[in-house]
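Written below as structure tokens is the structure these notes are about.
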There are 2 protein chains.
Amino acid sequence: MNAATTLPPRGLQMRSLVKPDGDLELALHSVEVPAPKPTEVVVRIEAAPINPSDIGLLFGAADVDGTLVTSGSGAQAKASARVPERLMRAMAGRVGQALPCGNEGAGTVVAAGDSATAQALLGRTVALLGGAMYAQYRTIAEDQCLLLPPGTKAAEGASCFVNPLTALGMVETMRREHHKALVHTAAASNLGQMLNRICIADGVPLVNIVRKPDQAALLRDAGAKYVCDSSSPSFLSDLTQALTATGATIAFDATGGGKLAGQILGCMEAALLSQAKEYSRYGTSTHKQVYLYGGLDPGPTEFNRNFGMAWGIGGWLLMPFLQRIGPHAAQALKQRVANELKTTFASHYSREISLAEALQRDVILGYCKRATGEKYLINPSRGL
Amino acid sequence: MNAATTLPPRGLQMRSLVKPDGDLELALHSVEVPAPKPTEVVVRIEAAPINPSDIGLLFGAADVDGTLVTSGSGAQAKASARVPERLMRAMAGRVGQALPCGNEGAGTVVAAGDSATAQALLGRTVALLGGAMYAQYRTIAEDQCLLLPPGTKAAEGASCFVNPLTALGMVETMRREHHKALVHTAAASNLGQMLNRICIADGVPLVNIVRKPDQAALLRDAGAKYVCDSSSPSFLSDLTQALTATGATIAFDATGGGKLAGQILGCMEAALLSQAKEYSRYGTSTHKQVYLYGGLDPGPTEFNRNFGMAWGIGGWLLMPFLQRIGPHAAQALKQRVANELKTTFASHYSREISLAEALQRDVILGYCKRATGEKYLINPSRGL
């Protein structure tokens, strides 16, 4: 093993623990930095985004708005919140385990095992997927590193996987399930802007659903042709028109709760009916699908079944999707991300914070809001 | 063409018409009885059940309870009801068309075309699927007739298709989608009792969900092992236990509206979690599926997403299912129905009515209630 810098024996790692009494606690744990095996490297993490999926692990079902308490500073910083009793059943599997957080990140390889591949990474900037990224150091298999093109900063490569592969996965799912156009909600998000760029590049008609006029303007400025604002009184007819124009019969919904998924199915059916040649009591025979891939609205999902019988609503998650398509197809998607990292897949962050800052009250309330355009980046190599 | 009896030139046929102003009208139309082509027969319909799917065509989105008006008697009997304005969009495709009703039925072949197959059916009792069965006569292709075994009455063969093939289709769908046990709601229905008999015969674990204690008793008396009463305070834990015992991860729900579909998914996830070895923030990776095949509860469908990300809810309909599996597999299911018509697939009717009686106020309110165990049979050959 060679080390580009002196490798410290221990480092800080953020962990989330749900206690049996319903208290959820976030803290920085001092953990051993394992020396790399022959085919492993040690990465000093310099950038790790806080994605909605990370917040799910960080705070679980805890009531952040109502019960957040923070204490300490630096390496002693702590945050805690209460999990409502009725939601503890969903937390049962993680009670008593302090779980490391952070799905993806990027940084510099500071130590490497003896394999040629590992050695070649020494001193280079790499992107990583694999959990436990909110940490000063991460020992990881060489083949889980995506070598970033020369001149790429860690912050530019930190969001290489979750958003880019999710956006590409939506387009890929659309193709594999034989739809010809797609609908996306919360479309002004980082992910939504990325999807808009992919669809423009690939010539895939995309119906963007946003919640505010300025979000609509942002997407139109980025070249989006179909943008429907759900706060507009003409939303349902605007959406039906866009669905008629594009023929979109699959949607990816980040909100999860509320009536939006059902409204999309209803408008898809109305668009299909407006072109139907004969009446069927069971609605059109064209399958209409909405995948819920997020839960920005944590409330119940509700729909009126006014869209015939050929429909489905279901969960959609990146990892099972990648497993379904197999390593070869997944690698092709990853390579595209690396190739277009500074264009199609560029991410923007509203704030860069240290590990300790990520446990401060105002910061937590900020990133838990999940406001469109607000994305936080943790830099674990920054001073606490 | 030969006729076993004198074929009248015209016959009565029940039709449902939605007018542009939102009035839905049911009436008996005098229509021509087409002479059979070489490969056709004319059947005198003697029994046609009123299935929930028929009520969907008969009354569409009309408010029967609140606005039903009946008039006339005999061939002049009429019934009408108002379609609420907000539901007229869903009716758009059928406005102005007087649609013949009745999905399935049985009767005697009274005239036949010249083909050997058609001639062989003359005078025999056959079961039919294909619409327009609430009629005195039905001219139909010979290959749409299922010849009933000798000694089978029309009433015994009238429900050969919709319920039997739906029940068999559920078990077949379970197998094709790689589940090992199944859940059924409104399980004391005619269809549910049939499904219970199939599952016992085939050794498929079945979790029956009913709404009343006497329905639970009925199913237990019929040999059902797992019966959960949704009116019991221990329903959710009873259901979770039954799901744990059976490993059922697919359900067919006849209610459609309300919270039941989501509760089933939540209990499936709880059953899986109770046996999970490690925690995943996204829930278990086992796909859980609920198909809504009916709408006994016409209200909105509502669920809390407390069952991870590996789930789906969707519509399920017999005809597209049969098309998906292809004619060979579909024929195998039909043959099983014919073989077990007086045992597994026996139907029971609470009341036999004439075409004109089917348009009387008290009768309509009776069959529109869709009460468990209450099934009506129209006999169009009875005097009006």
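Write down the percent of antiparallel bridges among all DSSP beta bridges whose residues are both part of chain A, to the nearest 5.
On the way: 43 of 69 bridges.
For chain A, the DSSP antiparallel bridge percentage is about 60.
Summing -39500 (n - 2.57) over the DSSP H runs of n ≥ 4 in the protein assembly as shown and dividing by its residue number, what mean residue ellipticity at 222 nm do you reach, to the nearest 500 deg cm²/dmol? Numbers along the way, then the final one.
Working: 24 runs with 238 residues, N = 768.
When only DSSP H runs of four or more count, the value is -9000 deg cm²/dmol.
Shortest first, in nm, what separates the label point of B:PRO20 from those of the same position in the other copies (7 Å along Cα→Cβ)?
7.2
About the Cα centre of region B:1-131, what is the dipole size in debye to 20, counting +1 per Lys and Arg Cβ and -1 per Asp and Glu Cβ, all else neutral? Intermediate values should be presented prior to the final figure.
Numbers: 11 positive and 12 negative charges, 28 e Å.
Dipole about the Cα centre, nearest 20: 140 debye.
For region B:224-340, what are the per-bin percents of Cα-Cα distances with bins 10 Å wide, up to the bin holding the maximum?
12, 36, 31, 18, 3
Counting other beta carbons within 10 Å of each residue's own, what order do B:ASP297, B:ASP65 fall into, fewest first? Mind dumping the intermediate values first?
Numbers: B:ASP297 16, B:ASP65 10.
With the sparsest Cβ surroundings first, the list reads B:ASP65, B:ASP297.
Just checking the output field for B:90-99: average partner chain Cβ neighbours within 10 Å of each residue's Cβ?
Numbers: counts 10, 2, 5, 10, 4, 1, 1, 2, 0, 2.
That works out to 4 on average.
When the Cα centres of region B:123-155 and region B:235-291 are compared, how far apart do they sit, in Å?
Taking the Cα centre of each part, region B:123-155 and region B:235-291 sit 41 Å apart.
Between the label point of A:SER73 and that of the same position in each other copy, find the distances and list them shortest first in nm, with every label point placed 7 Å from Cα along the Cα-to-C-beta direction.
Ordered by increasing distance: 9.3 nm.
If the only charges are +1 at each Lys and Arg Cβ and -1 at each Asp and Glu Cβ, what is the size of the charge dipole of region A:197-339 around the Cα centre, to the nearest 20 debye?
Working: 13 positive and 10 negative charges, 64 e Å.
Around 300 debye, computed over region A:197-339.
What FRET efficiency comes out for A:ASP214 versus B:ASP21 if R0 is 35 angstrom and r is the Cβ-Cβ distance? Round to the nearest 0.05. If you can, show how the numbers build up before the last one.
Working: r = 43 Å, r/R0 = 1.23.
After rounding to 0.05, the efficiency reads 0.20.
For the protein assembly as shown, give me the percentage of DSSP beta bridges that are antiparallel, rounded to the nearest 5 percent. Don't skip to the answer; put the middle values down first.
Working: 92 of 144 bridges.
Close to 65 percent.
Apply the membrane-span-like helix rule to chain B: whole DSSP H runs, Cα extent along the own long axis of at least 15 Å, mean Kyte-Doolittle hydropathy at least -1.0. List the helices found. Working shown, then result.
Details: long enough: B:162-176 (20 Å, 0.15); B:190-202 (18 Å, 0.30); B:235-246 (16 Å, 0.66); B:260-273 (19 Å, 1.55); B:318-339 (24 Å, -0.08).
Helix filter hits for chain B: B:162-176, B:190-202, B:235-246, B:260-273, B:318-339.
Quick one: work out the % antiparallel among DSSP beta bridges in region B:1-107, nearest 5.
95
Hey, for A:LYS180 with labels 7 Å out along Cα-Cβ, what do the inter-copy distances come to in nm, ordered shortest first?
Inter-copy label distances (nm, one decimal, shortest first): 4.3.
Fewest first, what order do A:HIS29, A:HIS184 take by the number of other Cβ atoms within 10 Å? Walk me through the numbers before you get to the answer.
Details: A:HIS29 15, A:HIS184 25.
Starting with the residue having the fewest Cβ neighbours, the order is A:HIS29, A:HIS184.
So how do B:SER230, A:SER71, A:SER381, A:SER16 line up by other beta-carbon neighbours within 10 Å, fewest first? Please list the in-between numbers first.
On the way: B:SER230 19, A:SER71 12, A:SER381 16, A:SER16 23.
Least crowded to most crowded, the residues run A:SER71, A:SER381, B:SER230, A:SER16.
Readers should treat all values here as calculations from the given coordinates under stated rules, not as data from a laboratory. Note that this is a predicted model, so its numbers are computed, not measured. Neighbour counts are summed over all protein chains in view; Cβ atoms, including those assigned to glycine, are modelled from backbone coordinates with ideal geometry.
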